Structure formats: C-alpha cells, structure tokens
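Engineer: Here you go, one structure.
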Amino acid sequence: MAKSFIRIDDNDHGYALAQFCIPKHYEEDLDHVLIPAGLINDRTERIARDIVEDFGHEPIVGLCVLKGGYKFFTDLVDKIQILNRNSRQSVQLAVDFIRLKSYVNDSSTGSIEVIGGDNLENLKGKNVLVVEDIIDTGRTMKQLLELLESVGPKSVKVASLLVKRTKDNVGYRPDYIGFEVPNLFVVGYALDFNEYFRDLTHICVINENGKKKYSTKS
Ligand code: HPA
Ligand code: MG
C-alpha cells in the first residue's frame, strides 16, 4: 500500500529564521527554516503508528544509517516504544547501526563505502527496517539495499524522513516518507554539510555563505 507524505512545494519558502530559535553560530549560514522540529515530531509519530500497524506481530530490526539518520531513528524508536506500551498490538524492535560515506560538500561521490557499524551478517533472516535521513538521487539507498540483500534478510523496508524532488533520482521510493522536499540542500536535525549543522534543531536550507564557510577545499 502506497503511503502518503507531506509535500513541501518548490515555492514554499518556509519560515523566516527570525521566527524561530536558531543558534547564533549558524545565523548567517541559513536561508530559511523549511521544517520546524515540532512538525518533524508530529510526522514521526504517525510514521511510527504506520510501522506498528504494518509489522503486526513480527519482530523487526531497525537499522539506523549513521550519522544523518540518528535523530529520526531515535525519535522514531521512542515513538514506537510509546505505542508498544500503550496498546494491545506491539512490535518487538532490535536496533542496529551502519555508517556509510557518499557525500563531500553538497554532491554525491557516486559510490558508497561502509565505514562502520555492526556485522551485517546479523541481519540474516530478519525483518529489517532501514532508517535514513534523506533520499536524494536514491543511489546510496539502492547500493545499500543490494548489500543488505546479499546477507539474506527475511524482508527489508525503508523509512526516510525526507525525499528530495530531483531529476537525478534513479527511481527509488522508500516505503515510509516523512516529507518530500524541493531540490535544495537542507541541514539540521542531524543532516549535515561537511559535518556541520547536525546541532541545529529545525530542518533549514543552507545559504551560499554557509556553503562557502563550511566547504571542504579539494
Ligand atoms: N542535506 C544533507 N545531506 C544530504 C542532502 C541534503 O540536502 N542530500 C543528500 N544528502
Ligand atoms: Mg548524510
């Protein structure tokens, strides 16, 4: 069953920085707030409910894609735990982590590299729920899924907080989507630009000043 998501339009410029609390060290580096933390929270609550309803009584392993996925992952797990202890239907959840590298500055390097995490062999025969921050071209996720399939899981589903509308998408759509966003570089809520901005509460659009200030010269 295709799930719905919140679509943020290309001419939706979100909220002025001055309307929210932004750390002083990032004030000059952002264009606008695209998705306030409160909205992320409410949307995550609903995705948690969809997951609990869909998985019924089958145990799952939540596989967090580090580092960008960590905020969405921990908030999603918290909300699944709340549902589990407050209803007669519950889903048993184990957690696992994987760390990939595919981005330098604001462009993909083309191939993924697994640079850390648990042994993937542990996922053999399991129902795996991959939790990602953002699907951009979809190439990273396609490669990760191929890698996961090679260890023989029982099933694999993907939850991504964001999906970017880009012409470069290889046609991949995750099973659960929080928001579909314009083709802009977004940061905050653990999404980074060269490791900066993970300590920003809201999802914001970076500006040229921010890109320049935090670019990795190569
Ligand atoms: N922000 C942060 N990380 C990303 C993005 C983005 O817009 N696209 C792909 N990885
Ligand atoms: Mg990332």
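Engineer: Do you know which of the residues in the range 78-121 that are surrounded by 14 or more Cβ atoms within 10 Å (Cβ to Cβ) and among the hydroxyl-bearing types (Ser, Thr, Tyr) is modelled with the lowest pLDDT?
Structural biologist: This residue is TYR103.
Engineer: Next question, about the same structure. Checking ILE60 against (1) surrounded by fewer than 14 Cβ atoms within 10 Å (Cβ to Cβ); (2) in contact (Cβ under 8 Å) with a residue 60 or more places away in the chain: exactly one of these is not met. Which one?
Structural biologist: (1)
Engineer: Within the range 160-218, take every residue that is aliphatic (A, V, I, L, M) and assigned to a loop (DSSP other than H, G, I, E, B) and give me the one that is farthest from ligand 1 (Cβ to nearest atom).
Structural biologist: Kept after step one, since they are aliphatic (A, V, I, L, M), are these residues of the range 160-218: 161-163, 170, 177, 181, 184, 186-187, 190-191, 200, 203, 205-206.
In the following step, the residues that additionally are assigned to a loop (DSSP other than H, G, I, E, B) were identified as 170, 184, 190, 200.
Working: VAL170: 13, LEU184: 7, ALA190: 9, LEU200: 11 Å.
Per the stated criteria, the residue is VAL170.
Engineer: When you look at THR201, is it within 16 Å of GLY68 (Cβ to Cβ), hydroxyl-bearing (Ser, Thr, Tyr) and free of Cβ contacts under 8 Å to residues at least 60 places away in the same chain, yes or no?
Structural biologist: The answer is no for THR201.
Engineer: Next question. More than 16 Å from the chain's Cα centre (by Cα), within 23 Å of TYR214 (Cα to Cα) and aliphatic (A, V, I, L, M) - does that describe any residue in the range 78-98? Break it down into steps so the answer makes sense when it comes.
Structural biologist: Start the filter on the range 78-98 by keeping residues that are more than 16 Å from the chain's Cα centre (by Cα), which leaves 80-94.
Going one step further and asking which of them are within 23 Å of TYR214 (Cα to Cα), we end up with none.
Looking for residues that are more than 16 Å from the chain's Cα centre (by Cα), within 23 Å of TYR214 (Cα to Cα) and aliphatic (A, V, I, L, M), one finds none in the range 78-98, hence no.
Engineer: Give me the residue from the range 114-136 that is touching a strand residue (DSSP E or B) at 6+ places or on another chain (Cβ under 8 Å) and farther than 19 Å from TYR176 by Cβ and, out of that set, farthest from ligand 1 (Cβ to nearest atom).
Structural biologist: Filtering the range 114-136 for residues touching a strand residue (DSSP E or B) at 6+ places or on another chain (Cβ under 8 Å) gives 114-118, 120, 122-123, 126-136.
In the following step, the residues that additionally are farther than 19 Å from TYR176 by Cβ were identified as 114-118, 120, 122.
Values: VAL114: 17, ILE115: 16, GLY116: 18, GLY117: 18, ASP118: 23, LEU120: 22, ASN122: 26 Å.
Checking each candidate, the answer is ASN122.
Engineer: Given (1) away from ligand 2 (no atom under 16 Å from the Cβ); (2) among the basic types (Lys, Arg); (3) closer than 29 Å to ARG49 by Cβ, where does LYS142 come up short, assuming only one miss?
Structural biologist: (1)
Engineer: Still on this structure, I have one more. Just to be sure, is ASP136 in contact (Cβ under 8 Å) with a residue 12 or more places away in the chain and within 16 Å of ligand 2 (Cβ to nearest atom)? Please lay out each step first, then the result.
Structural biologist: Details: in contact (Cβ under 8 Å) with a residue 12 or more places away in the chain: yes; within 16 Å of ligand 2 (Cβ to nearest atom): yes.
Yes, satisfied.
Engineer: Do we find that LYS124 is surrounded by fewer than 15 Cβ atoms within 10 Å (Cβ to Cβ), of a type outside the set (Val, Ile, Thr), more than 16 Å from ligand 2 (Cβ to nearest atom) and at pLDDT 95 or above in this structure?
Structural biologist: yes
Engineer: Yes or no: PHE72 aromatic (Phe, Trp, Tyr), surrounded by 15 or more Cβ atoms within 10 Å (Cβ to Cβ) and either farther than 25 Å from TYR214 by Cα or in contact with a Lys or Arg (Cβ under 9 Å, 6 or more places away or on another chain) (or both)?
Structural biologist: Working: aromatic (Phe, Trp, Tyr): yes; surrounded by 15 or more Cβ atoms within 10 Å (Cβ to Cβ): yes; either farther than 25 Å from TYR214 by Cα or in contact with a Lys or Arg (Cβ under 9 Å, 6 or more places away or on another chain) (or both): no.
Taking the combined requirement at face value, the residue does not satisfy it.
Engineer: Taking the range 182-218, which residues are touching a Lys or Arg at 6+ places or on another chain (Cβ under 6 Å) and within 14 Å of ligand 2 (Cβ to nearest atom)?
Structural biologist: Across the range 182-218, the qualifying residues are TYR189, ALA190, ASP192.
Engineer: Name, by its number, the condition in (1) more than 24 Å from PRO23 (Cα to Cα); (2) surrounded by fewer than 22 Cβ atoms within 10 Å (Cβ to Cβ) that does not hold for GLU132.
Structural biologist: Every listed condition holds for GLU132 apart from (2).
Engineer: Between THR74, THR44, which is polar (S, T, N, Q), more than 15 Å from ligand 1 (Cβ to nearest atom) and either modelled with pLDDT under 95 or touching a Cys at 6+ places or on another chain (Cβ under 9 Å) (or both)?
Structural biologist: Only one candidate passes the filter, namely THR74.
Engineer: Quick check: anything in the range 146-159 in a helix (DSSP H, G or I) and surrounded by 15 or more Cβ atoms within 10 Å (Cβ to Cβ)? Walk me through how you get there before you give the answer.
Structural biologist: Of all residues in the range 146-159, those in a helix (DSSP H, G or I) come to 146-149.
Adding the requirement that they be surrounded by 15 or more Cβ atoms within 10 Å (Cβ to Cβ) leaves 148.
Yes; the residues of the range 146-159 include at least one that is in a helix (DSSP H, G or I) and surrounded by 15 or more Cβ atoms within 10 Å (Cβ to Cβ).
Engineer: It is to be established whether one or more residues within the range 19-41 are modelled with pLDDT of 95 or more, β-branched (Val, Ile, Thr), within 16 Å of VAL181 (Cβ to Cβ) and assigned to a helix (DSSP H, G or I).
Structural biologist: So far as the range 19-41 goes, yes, one or more of its residues are modelled with pLDDT of 95 or more, β-branched (Val, Ile, Thr), within 16 Å of VAL181 (Cβ to Cβ) and assigned to a helix (DSSP H, G or I).
The values are calculated or read from the model by the stated rules, or taken from the named source; none is laboratory data. This structure is a prediction, so every number in the text was calculated from the model and none was measured. Because the Cβ atoms are built from the backbone with ideal geometry, glycine has one as well, and the counts that use them run over all protein chains shown.
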